[in-house]
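The values are calculated or read from the model by the stated rules, or taken from the named source; none is laboratory data. Since this is a predicted model, take the numbers as computed values, not measurements. Note: ideal-geometry Cβ built from the backbone for every residue, glycine included; neighbour counts use all protein chains shown. Accessible surface is based on the protein model in full, side chains and every heavy atom, while ligands, DNA and RNA are left aside. Shrake-Rupley method; radii C 1.70, N 1.55, O 1.52, S 1.80 Å.
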Amino acid sequence: MSGLLQLLVSGLALGAIYALVALGFVVIYRASQVFNFAQGEFVAFGALMMVSLHAEGLPWLAAVALSCVLTGLLGALVERVLLRPLVGRPVFVTIILTIFVGALLRAGMTIAWGHELRGMPTPWDTMAEVQVLDAQLLVNSLGAMATGALVLGLYFVLIRRTRMGVAMRATASDQEVALALGIPVGRVFGATWFLAGALAALAGIFLGMYPRNVDIHLGFVALRAFPAVIVGGLDSAMGTVIAGILLGVLELLCQGYINPHLGEFGKNFHAVFPYFVMILFLMVRPYGLFGSREVERV
Amino acid sequence: MPTLEIANLEVVYHSVVRVLSGISLVVPEGSIVALLGPNGAGKTTTLRAITGLLPLHDGEVVRGSIQLDDNSLVNLEADAIVRSGLAQVLEGRRVLVDLSVEENLLAGAWSLNRSQASDRVDHFCARFPILGERRHHLAGYLSGGEQQMVAIARALMPQPEIVLLDEPSLGLAPRIVDEVVKLIREIRESGVSVLLVEQNASMALDLADAGYVLENGRIVASGTAEELRGDADIREFYLGLGSTGSRGYRDVKHYRRKRRWLS
Ligand SMILES: Nc1ncnc2c1ncn2[C@@H]1O[C@H](COP(=O)(O)OP(=O)(O)O)[C@@H](O)[C@H]1O
Ligand SMILES: [Mg+2]
């Protein structure tokens with residue numbers, strides 16, 4: 001029982017992180033049909049920024065906020081300089097460009113931060129635990145869950161209640177209508193990249209606590225969030241969030257209950273498990289849990 | 001209230017397909033001007049040129065001018081053109097189907113602050129009680145007529161000075177077309193000029209002060225609505241009021257006459 005609760009909490013925490021990364025993909029895709037393959041680099045950049053800013057003496061919360069803003073600005077810059085000129089070009093052109101952006105950012109981060117592992121600062125003791133019933137729960141996990149819930153809630157308020165949110169949804173729904181109504185569509189694209197960057201940074205910060213260390217390869221988690229995007233439906237923010245959380249939980253349950261039965265061979269089975277779910281979805285429901293049927297797969 | 005004036009406008013798509021070959025037209029302040037013509041004549045292209053939507057279609061103004069009083073609109077971004085007082089209702093209504101009626105209206109309110117925007121939403125919900133009732137429903141579930149009201153109201157949100165309507169009667173039942181006609185009259189009475197693109201020439205010429213006929217990217221006839229209604233070719237081809245009532249020699253003769261305009 002305590003084992004299950006522990007796994008569930010870790011799974012929800014991991015799921016919240018997947019959801020943040022996956023939501024970043026979807027926000028950009030919905031507005032501009034660009035699939036951002038550099039999202040993982042934003043995750044790593046945010047985490048490394050956090051480590052450095054905290055080392056400079058910034059209080060934890062301020063460092064988190066500033067890392068999110070800076071990563072968001074990096075996203076907006078990439079959009080403005082590299083992607084805006086390509087608006088209206090075929091999808092594969094933008095895909096290749098974002099892959100290139102990812103490579104460029106990895107090179108830049110290697111120069112700036114090198115390859116060494118760094119510890120992610122936490123406002124609580126790194127391995128602090130709280131006792132709930134008879135289970136020991138990591139404060140890191142609870143923090144990731146709470147932050148995920150808060151941020152995802154804020155996101156849905158943003159897109160439902162604010163002017164930029166309505167503009168983002170209008171642009172996603174029909175770009176020509178948005179233009180004809182005087183919505184500055186370029187700025188909307190910039191805002192989606194800012195948002196994706198900030199979400200990625202937050203994911204990177206909590207991922208870094210896990211209790212893994214941070215280096216430029218942290219971005220590979222973006223690949224692990226990929227199944228959430230497919231399962232949730234490429235154009236559904238809500239679906240992606242739900243899928244991200246579910247896959248995080250399933251992954252850890254798999255690690256806890258299935259891996260042990262697979263012997264030596266199954267040591268890392270949980271890591272590929274979300275891909276099995278994704279492939280299953282591609283076969284039976286290619287538009288995802290909540291996506292619209294006409295979305296083309298890229 | 002400003003005057004919209006287009007002179008010698010030429011537009012090409014994909015750098016090679018010439019669709020408008022030097023058209024000129026004026027929308028004087030406070031008037032309704034009809035732009036008539038068959039499918040593919042270039043009516044929508046004309047509106048795209050005015051409102052900065054050509055780049056989205058890989059189109060380009062290669063020659064000519066589009067002036068709002070003393071300001072050129074050529075090469076301005078679409079949002080800057082809307083801010084200068086123009087509004088466009090696209091062909092085919094194009095409501096944002098996955099947004100509510102209210103959100104559709106708010107999508108037209110980018111340049112307004114929160115309280116102005118909600119005042120305008122209330123205004124249109126009162127003007128169109130059916131939209132008021134459906135305020136929080138998805139716009140995709142409205143009828144065609146209701147969607148057209150949303151599309152027009154949404155464009156009117158920022159209180160433009162000139163409205164461009166692209167075939168607002170297309171695909172609507174006659175009763176609904178009457179509603180649209182009434183609404184266009186109201187728009188003009190509030191001091192807003194209208195450039196009305198239509199294939200329904202009788203409806204458009206009833207409403208308009210003046211009109212232009214566009215064929216194959218050229219203006220082939222223009223005049224006051226009165227003059228156009230009296231023109232034999234227009235009666236024949238656009239109003240369906242030919243004196244013989246059947247396709248025959250006269251059609252051919254008129255067709256020849258029209259060819260002469262074209263060349
Ligand atoms: N994006 C485009 N690329 C190439 N040709 C186009 C494009 N849009 C319209 N056209 C062509 O331009 C001509 C005029 O089209 P349009 O302006 O839509 O006419 P109308 O609105 O009068 O029916 C048509 O021959 C159409 O095929
Ligand atoms: Mg048209």
(request) Please verify whether the range B:45-58 includes one or more residues that are within 16 Å of ligand 1 (Cβ to nearest atom), in contact with a strand residue (DSSP E or B) (Cβ under 6 Å, 6 or more places away or on another chain), within 10 Å of chain A (Cβ to nearest Cβ) and in a helix (DSSP H, G or I). (result) yes
(message) So, in the range B:59-99, how many residues would count as being crowded, with 20+ Cβ neighbours inside 10 Å, more than 7 Å from chain A (Cβ to nearest Cβ), not in a loop (DSSP other than H, G, I, E, B) and not aliphatic (A, V, I, L, M)?
(response) 1
(request) Those residues that are part of a helix (DSSP H, G or I) and aliphatic (A, V, I, L, M), I need them from the range B:115-140; list them, please. (result) B:Ala117, B:Val121, B:Ala126, B:Ile130, B:Leu131, B:Ala139
(request) Report whether or not B:Glu189 is away from chain A (no Cβ under 14 Å) and open to solvent by 50 Å² or more (accessible area, probe 1.4 Å). (result) yes
(request) For the range B:21-35, state whether one or more residues are open to solvent by 20 Å² or more (accessible area, probe 1.4 Å), within 16 Å of ligand 2 (Cβ to nearest atom) and farther than 26 Å from B:Met203 by Cβ. (result) no
(request) Kindly indicate which of A:Leu82, A:Leu150, A:Leu133, A:Leu154 is at pLDDT below 85 and either on the phi > 0 side of the Ramachandran plot or not β-branched (Val, Ile, Thr) (or both). (result) A:Leu133
(request) Within the range A:108-150, count every residue that is assigned to a helix (DSSP H, G or I) and open to solvent by less than 50 Å² (accessible area, probe 1.4 Å). (result) 11
(request) Take the residues in the range A:151-174 that are surrounded by 20 or more Cβ atoms within 10 Å (Cβ to Cβ) and within 7 Å of chain B (Cβ to nearest Cβ), then tell me which one is farthest from B:His57 (Cα to Cα). (result) A:Val166
(request) Kindly provide the set of residues from the range B:106-128 that are under 14 Å from B:Ile152 (Cα atoms), out of contact with any Pro (no Cβ under 9 Å at 6 or more places or on another chain) and more than 10 Å from chain A (Cβ to nearest Cβ), ordered by number. (result) B:Val121, B:His123, B:Phe124, B:Cys125, B:Arg127, B:Phe128
(message) within 16 Å of ligand 2 (Cβ to nearest atom) and either out of contact with any Leu (no Cβ under 8 Å at 6 or more places or on another chain) or among the hydroxyl-bearing types (Ser, Thr, Tyr) (or both): which single residue out of B:Leu156, B:Leu164, B:Leu172 fits that description?
(response) B:Leu172
